[in-house]
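Remarks on the structure that follows.
Nothing in this text is a laboratory measurement; each read-out follows from the coordinates by a stated rule. In this text the structure is predicted, and so the values were computed from the model without any measurement. Here the Cβ positions follow ideal geometry from the backbone for every residue, glycine too, while neighbour counts run over all protein chains shown.
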Amino acid sequence: MNAWVFLLALTTFSVSVYFFVMHNLFEEEKRSLWNVADTVINSIESDDEEAEAGELEEGMPELLQQGNIRDMGESYDNLTIQWFDVSGKLLAHRGNLAVTVPLKKAVGFQQQVSLRALILTRPIIEQGSIRNFLRVAIVLKEYDKFANNFRTGLISGTASAIAVSSLLVLWLVRQVLLPIEQVMAKLRQFTSDASHELKGPLMAIKTNASIALKYDTGMREKDLEKFTAILNAADQVIETTNDLLLIAESESQSSSTYAVDVSIAIESTRLELLELAQGKDVKISIAADFSGAPMLVAATKRDLSLILSNVVTNAIQYSYIGGTVSLDVKRDRTSTKVTVSDNGIGVKEIDLPYLFDRFWRSDKARSHNSGGNGLGLAIAQSIAMRLNGAISVKSTFGEGTVVSICLPNATPGQ
């Protein structure tokens with residue numbers, strides 16, 4: 001967003017500079033024409049004596065009776081001067097420009113399009129009435145040439161500034177993100193190491209609790225309850241530890257992908273979670289039609305199974321008793337989308353942005369959830385992102401949730 005704001009600001013600045021400079025330059029051209037007209041008109045004042053001597057035509061500016069305007073000096077290059085009588089008849093023309101626009105019988109500027117030129121018309125007033133019209137024109141060739149060069153320079157300069165700024169911003173962002181990446185890498189390593197270190201003691205706790213419960217002869221009822229609680233807690237912590245290991249592994253590795261059949265993975269997930277669904281009287285429905293060609297995605301069997309298992313488990317746990325979890329598959333030219341929908345408790349709109357946060361569960365979810373640790377969707381998202389896919393959620397509170405899993409299609413020979 002900031003990059004677009006910078007680009008807009010730089011472009012606005014360049015356009016503003018261009019129009020400001022060209023406007024001032026055009027006004028300078030107008031002033032130049034006005035000064036030329038003043039010079040021509042002033043030359044009339046000294047004509048009377050010379051006209052009486054027969055040297056000049058009476059009432060015509062001296063500058064128009066000297067032949068070629070180019071002989072008048074360098075400042076008159078590209079100029080054309082015309083002299084008209086009061087009816088608009090052309091009496092004298094000096095210069096190479098063919099002026100095609102009609103005479104404007106009032107003070108003002110005109111522009112000629114066919115051969116770009118700026119034209120100034122000034123009436124010559126004597127004793128309160130118009131005696132003649134003076135028209136001065138200048139070819140805008142140099143003005144247009146400067147405009148083109150200036151515009152090209154601004155575009156090139158703006159493009160160069162954007163390119164250099166982009167590289168600089170990328171470098172700065174990289175420098176800022178480098179420490180964060182290092183911290184995240186250390187955090188992932190810590191999560192992985194801690195999970196590995198926890199597995200041993202947790203398994204020892206679980207084993208001892210299991211043995212104690214197996215040989216419970218003579219054990220007091222309260223002690224039996226304590227060992228049962230220890231075993232359940234150990235199972236829960238082991239599950240969380242394994243999930244953290246999965247996330248750490250998914251974020252730190254880039255595994256090879258293969259062509260995996262979505263239909264087989266969906267059926268395996270249904271069979272795997274059938275007991276969980278039956279325990280809540282939830283029906284798992286597969287709406288997709290797999291009678292055609294195999295729907296192959298770029299993944300691994302384990303990764304696809306983990307994604308589907310976590311998403312479908314979530315849907316079952318948040319469904320009402322007697323509800324339905326439906327799986328559908330749509331495929332286009334580049335990707336395959338698996339949709340898992342339920343008619344369960346749904347999610348409040350305010351909670352949607354947090355669904356993929358680790359260990360996060362809304363209060364409503366906790367009241368309906370008989371287990372889990374809030375890592376299911378985080379694991380699914382982490383794996384999907386590693387596979388260059390994505391997961392999105394739409395939900396209406398009290399009506400149900402739809403989770404869409406989008407994965408790239410497998411390439412031929414993968």
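Quick look at the numbers
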quantity	calculated
The range 292-350, relative contact order [Cα under 8 Å, separation at least 6], %	32 percent
Within straight-line cross-link reach of Lys105, lysines at Cα separation under 28 Å, skipping those fewer than 8 residues along the same chain	Lys30, Lys89, Lys141
Rg over Rh, two decimals, the range 258-408 (C-alpha only, Kirkwood Rh)	0.94
Pairwise FRET efficiency - Gln110 versus Ser392, Cβ, R0 = 60 Å, nearest 0.05	0.45
FRET efficiency for Lys222 and Tyr258, using Cβ-Cβ distance with R0 set to 56 Å, rounded to 0.05	0.55
Gain in span if fully extended, Leu276 to Asp85, counting 0.36 nm per residue against the direct Cα distance	58.2 nm
Among beta bridges that DSSP assigns inside the range 258-408, antiparallel share in %, nearest 5	85 percent
Residues in the range 122-162 that a label on Trp34 would reach, taking backbone N under 19 Å of a point 7 Å out along Cα→Cβ	122-125, 134-139
Additional length obtainable on full extension of the chain from Val176 to Phe13, 0.36 nm per residue less Cα span	55.8 nm
Spatial separation of Cα centroids for the range 8-35 and the range 253-282, in angstrom	68 Å
Calculated FRET efficiency for the pair Ala163/Ile211, C-beta based, R₀ 51 Å, to 0.05	0.15
Burial order of peptide ranges 29-35, 163-169, 319-325 (average beta-carbon count within 10 Å, highest first)	319-325, 29-35, 163-169
Residues of type lysines that Lys337 reaches as a straight line, Cα spacing below 21 Å, ignoring anything fewer than 8 places off in the same chain	Lys301, Lys394
Distance (nanometres) between label positions extended 7 Å along Cα→Cβ at Asn148 and Glu27	2.7 nm
Flagged links, alpha-carbon separation over 27 Å, of Lys214/Lys283; Lys226/Lys348; Lys283/Lys348	Lys214/Lys283; Lys226/Lys348
Surrounding net charge for Leu273, when Lys and Arg each add one and Asp and Glu each subtract one, Cβ distance under 15 Å	-2
Order of Phe227, Phe20 under a 10 Å beta carbon neighbour criterion, fewest first	Phe20, Phe227
